[in-house]
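Undergrad: Can you keep this structure in mind? I'll have questions shortly.
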Amino acid sequence: MMQSIHCVVNGEPHDLLVHPLEPLLETLRVRLRMAGTKEGCSTGYCGACTVLLDGSPVNACLLLTVDADRHAITTIEGLARDGVLAAVQAAFVANSGLQCGYCTPGMILSASALLAVDRDPSEAAIRAAIAGNICRCTGYQSIVASVREAGQKIRAAGDAHDTPQPRPVIRSRA
Amino acid sequence: MIARPLEYFEPHFLEEALVVLDRFDGRARALAGGTRLVPELRTGLGDVEALVNLKRIAELHAVTAENGTLSIGALTTAAGLCADAAVLKDAPLLAYAASTLGSVQVRTLATLGGNICCGDPASDLTTALLALDATCCVASLASGERRIALEDLLVPGGADLRAGEVLTRILVPISRAVFAYRKMATRRGFEMALVAVAVALERAGTRVERVRIALAGAGPTCLRAPRSERRALDALAGPSDLDAVAALAADHDSAPQSDLRASALYRRQLIRVLTRRCLDDVRAVPS
């Protein structure tokens, strides 16, 4: 009992046969061998597995892969362009917005989704955007500083190429 | 690793879903946003034999306003409620409550119908809907559609659905009410309410016509506060003290429980204070 699905991961189309109860997290890490998306709590609380579904953050542990059918997924592997880090990634490096690094992919994707719609977010908006991403090293100050600097850099660059704005290639049936 | 003995269905039409739910006679689970159900898959769903994924059914995603009623499909997500023009215009209380639910990630997935059916006694959405006097449409193959007041659908731990039934849409009467919503949690982001209070006030000029007060974290389900509502009708008409109204909500309309997150005593205090603040909020809105 497998389901045939078509989805776009980081701009690449994939036709997959998946078990209907397989979470997207498992599909990404095991089937597609993209280990950048981390497994934390597996219950939707920690945000380590955050990916973007048509640009919106979701917990990959809560989404069945069948429900990614005809949608576009962005993972941390999809942010750099031609080996150049996206502004958000570069800002996390520059501001030491990470300690152990386990929450970082999820943090960066949540931040990317925020900056795609708000390039000059308030601190409150930044903190609300990453409320679903837990950093157990508790390095939130530098994470918030990273997001703020990424916003500045993106505004200075003045173009949208750095923020992922994936669109579904095929319209959802729903 | 997930245990996988379940039959899986992905209907595109409500009728198909009802046929499957009817065939399994209570041993099929409906899948909506998955924020509750998908983690449960890892530990097993007990004697559930089939999973019916409702996401492909277009009509369950529809939001329409006609004849003075807002009809919201049960599969509308929390993020959808925050962004939908009709919800923002005709049920802003619901849009606001939805914006306080969970995290960004969870709001992308979690649905209105799922939220109601999970029976969380601290549900932001259910509390807002109670203050909005919402009615639920429930469908089954055997009896077609029946309508039931949200209040009557809520039972501790879930929704009072019969075998084969599914919640399809939620009806909210469009009114000129003013609203207040206040929520207290142990932190600002991504936390369930210890207590939340929603108040809807309908006025005609200076006359107070209706007051509805709904409480989260005040009992085994989200609930209305009838004694407090009756007292508020008079109290809100004049300059009188609203403390007595809030005290009724806390002391007579509530039966809060103690758990890891807060004691019943603390919850009662919160109900009193937040109810008072909500009443102040709605009274401050010029009529």
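Undergrad: Can you tell me the FRET efficiency between residue B:64 and residue A:15 if r is taken as the Cβ-Cβ distance and R0 is 25 Å, rounded to the nearest 0.05?
TA: Plugging the Cβ-Cβ distance into 1/(1 + (r/R0)^6) gives 0.10.
Undergrad: Given B:171, B:244, B:153, which one lies farthest toward the positive end of the charge dipole of chain B, if we put +1 on the Cβ of every Lys and Arg and -1 on the Cβ of every Asp and Glu?
TA: The residue sitting most towards the positive pole is B:244.
Undergrad: Right, another one. Give me the Å³ per residue figure for the convex hull around the C-alpha atoms of chain A.
TA: Working: hull volume 19.6 nm³, N = 174.
Dividing the Cα hull volume of chain A by its residues yields 113 Å³.
Undergrad: Please give the charge dipole size of the range A:39-119, origin at the Cα centre, charges +1 on K and R Cβ atoms and -1 on D and E Cβ atoms. Round to the nearest 20 debye. Intermediate results must be reported in sequence, preceding the final value.
TA: Details: 3 positive and 7 negative charges, 40 e Å.
Dipole of the range A:39-119, to the nearest 20 debye: 200 debye.
Undergrad: Something else about it: Pairs of Cα atoms under 8 Å, at least six residues apart: use those to get the relative contact order of chain B, whole percent. Write down the numbers at each step before the final one.
TA: Values: 652 pairs, mean separation 43.8, N = 287.
About 15 percent, as a whole number.
Undergrad: Now for a different question. Give me the distance in nm between label points sitting 7 Å out from Cα along the Cα-to-Cβ direction at residue A:124 and residue B:25, one decimal.
TA: With each label point 7 Å from Cα toward Cβ, the separation is 5.6 nm.
Undergrad: Quick one: net charge around residue B:135, please, counting Lys, Arg +1 and Asp, Glu -1 for every other residue with C-beta under 10 Å from its C-beta.
TA: Details: positive: B:147, B:169; negative: B:133, B:151, B:152.
Counting the neighbours of residue B:135, the net charge comes to -1.
Undergrad: Another question, then. What area, in nm² and to one decimal, does the C-alpha convex hull of the protein assembly as shown cast on average over all directions? Before the final figure, lay out the partial values.
TA: Values: hull surface 90.1 nm².
The directionally averaged projection comes out at 22.5 nm².
Undergrad: I want the local charge near residue B:36. Using Cβ-Cβ distances under 13 Å, sum +1 for each Lys or Arg and -1 for each Asp or Glu among the other residues.
TA: Values: positive: B:29, B:42; negative: B:40, B:120.
Summing Lys and Arg as +1 and Asp and Glu as -1 gives 0.
Undergrad: Could you tell me which of A:48, A:20, A:101 has its Cα farthest along the dipole of the range A:1-109 towards the positive end, charges placed at Cβ (Lys, Arg +1; Asp, Glu -1), taken about the Cα centre?
TA: A:101
Undergrad: Sticking with this one: Using unit Cβ charges (K, R positive; D, E negative) and no other charged atoms, how large, in debye to the nearest 20, is the dipole of the range B:101-240 about its Cα centre? The partial results should precede the final answer.
TA: Numbers: 18 positive and 13 negative charges, 85 e Å.
It works out to roughly 400 debye.
Undergrad: Oh, and also: At q = 0.13, 0.28 Å⁻¹, what is the base-10 log of I(q)/I(0) for the range B:223-287 according to the Debye formula with one equal point scatterer per Cα and no solvent? Please give it to two decimals.
TA: Values returned for q = 0.13, 0.28 Å⁻¹ are -0.36, -1.19.
Undergrad: Now, a different point. What number, in nm² with one decimal, is the all-direction average of the projected area of the convex hull of the alpha-carbon atoms of the range B:149-216?
TA: On the way: hull surface 27.0 nm².
In nm², the orientation-averaged hull projection of the range B:149-216 is 6.7.
Undergrad: Among the complete DSSP H segments of chain B, which ones combine at least 18 Å of alpha-carbon extent along their axis with a mean Kyte-Doolittle hydropathy of -0.5 or more? It would help to have the intermediate numbers written out before the result.
TA: Working: long enough: B:264-284 (30 Å, -0.25).
Taking the DSSP H segments of chain B (at least 18 Å long, mean hydropathy at least -0.5), we get B:264-284.
Undergrad: Suppose every K and R has +1 on its Cβ and every D and E has -1 on its Cβ; what is the size of the dipole of the protein assembly as shown about the Cα centre, in Debye to the nearest 20? Don't skip to the end; give the middle numbers.
TA: Working: 49 positive and 49 negative charges, 205 e Å.
For the protein assembly as shown, the charge dipole is close to 980 debye.
Undergrad: Could you tell me what a quarter of the Cα convex hull surface of the range A:1-85 works out to, in nm² with one decimal place?
TA: 5.3 nm²
Undergrad: Select from chain A the helices, each a whole stretch of DSSP H, whose alpha-carbon atoms run 18 Å or more along the helix axis and whose Kyte-Doolittle mean is at least 1.0; answer none if there are none.
TA: Values: long enough: A:104-117 (20 Å, 1.65); A:140-157 (25 Å, -0.12).
Helices meeting the criterion: A:104-117.
Undergrad: Also, quick follow-up: Among the DSSP beta bridges whose two residues both lie in chain A, what percent are antiparallel, rounded to the nearest 5? Could you put the intermediate results ahead of the total?
TA: Working: 15 of 17 bridges.
Antiparallel bridges make up about 90 percent of those DSSP assigns within chain A.
Undergrad: Classify the range B:1-44 as rounded, prolate or oblate, taking a ≥ b ≥ c as the square roots of the eigenvalues of its Cα gyration tensor: rounded when a/c is under 1.5, otherwise prolate if a/b is larger than b/c and oblate if not.
TA: Details: a/c = 2.32, a/b = 1.70, b/c = 1.36.
Because a/c hits 1.5 or more and a/b exceeds b/c, the range B:1-44 counts as prolate.
Undergrad: Would you mind giving the three semi-axes, in whole Å and largest first, of the ellipsoid equivalent to chain B according to its Cα gyration tensor? Intermediate results must be reported in sequence, preceding the final value.
TA: On the way: eigenvalues 229, 89, 51 Å².
Equivalent ellipsoid semi-axes, largest first: 34, 21, 16 Å.
Undergrad: Would you calculate the separation in nanometres between label points at residue A:30 and residue B:141, each defined as 7 Å from the Cα along the Cα-to-beta-carbon direction?
TA: So the two model labels end up 3.3 nm from each other.
Undergrad: Expected output is a single nm value to one decimal: the length gained when fully extending between residue B:42 and residue B:99, i.e. 0.36 nm times separation in residues minus the C-alpha distance. What is it?
TA: Details: separation 57, 0.36 × 57 = 20.52 nm, distance 2.85 nm.
Once the chain is fully extended between residue B:42 and residue B:99, it gains 17.7 nm.
Undergrad: Additional query: Only bridges with both residues in the protein assembly as shown count here: give the DSSP antiparallel percent, nearest 5. Before the final figure, lay out the partial values.
TA: Values: 56 of 65 bridges.
So the antiparallel bridges amount to about 85 percent of the total.
Undergrad: Could you pull out the trypsin sites (Lys or Arg not before Pro) across the range B:165-267 that fall in loop regions by DSSP (anything but H, G, I, E, B) with no more than 16 other Cβ atoms inside 10 Å? Walk me through the numbers on the way to the answer.
TA: Numbers: sites: B:169, B:176, B:182, B:183, B:187, B:188, B:203, B:207, B:210, B:212, B:224, B:227, B:230, B:231, B:261, B:267; in loops: B:176, B:187, B:188, B:261.
Passing sites in the range B:165-267 are B:176, B:187, B:188, B:261.
Undergrad: Taking the simple approach of a point 7 Å from Cα along Cα-to-Cβ for both residue B:260 and residue B:160, what is their distance in nm?
TA: Here the answer is 3.1 nm between the modelled labels.
Undergrad: Mind checking Rg over Rh on the range B:141-287, alpha carbons, Kirkwood formula for Rh? Show your work: numbers first, answer last.
TA: On the way: Rg = 16.7 Å, Rh = 16.5 Å.
Checking Rg against Rh, the ratio lands at 1.01.
Undergrad: For a quick check of your reading of the filter: which trypsin sites (Lys or Arg not before Pro) in the range A:22-112 sit in a DSSP loop and have no more than 14 other Cβ atoms within 10 Å? All intermediate terms of the calculation are to be shown ahead of the outcome.
TA: Values: sites: A:29, A:31, A:33, A:38, A:70, A:81; in loops: A:33, A:38, A:70.
Of the trypsin sites (Lys or Arg not before Pro), the ones in loops of the range A:22-112 whose Cβ has at most 14 other Cβ atoms within 10 Å are A:33.
None of the figures in this text is laboratory data; all of them are computed from the coordinates on show. Note that the structure is predicted; figures quoted are calculated from it, not measured. All Cβ positions, glycine included, derive from the backbone under ideal geometry; neighbour counts span all protein chains shown.
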